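Each remark here refers to the structure printed beneath this line.
Derivation of every value follows stated rules applied to the coordinates shown; laboratory data play no part. This is a predicted model, so every value here is computed, not measured. FYI the Cβ positions are ideal-geometry reconstructions off the backbone, even for glycines, and counts take in every protein chain you see.
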Amino acid sequence: MTHTYYWGNNSKRKTMKGRKCKVLTAGKMNSILIEFENGQRECVSRRAVRRIKEA
């Protein structure tokens, strides 16, 4: 997992906030397809995720 979901400004996004995910593909209009550790996939804004900084 290379990213963390960052936004939590509505009820659906609050359930995803802070979870680790990976980016599967990038689409048009600044959207990306991400997959969480449990296999759940979501199409979200590219701005909604942050790269995990390596130690």
Classify the stretch 3-51: rounded, prolate or oblate, from the alpha-carbon gyration tensor (a ≥ b ≥ c, eigenvalue square roots; a/c under 1.5 rounded; otherwise prolate if a/b is larger than b/c)? oblate
Non-local residues with an amide H under 5 Å from the amide H of residue 21, with H modelled 1.01 Å from N and Pro and chain starts lacking one, are 2, 3, 4, 5
Using alpha-carbon pairs under 8 Å, 6+ residues apart, how would you state the relative contact order of the chain in percent? 35 percent
Cβ-derived FRET efficiency at R0 25 Å, residue 1 paired with residue 45, nearest 0.05: 0.85
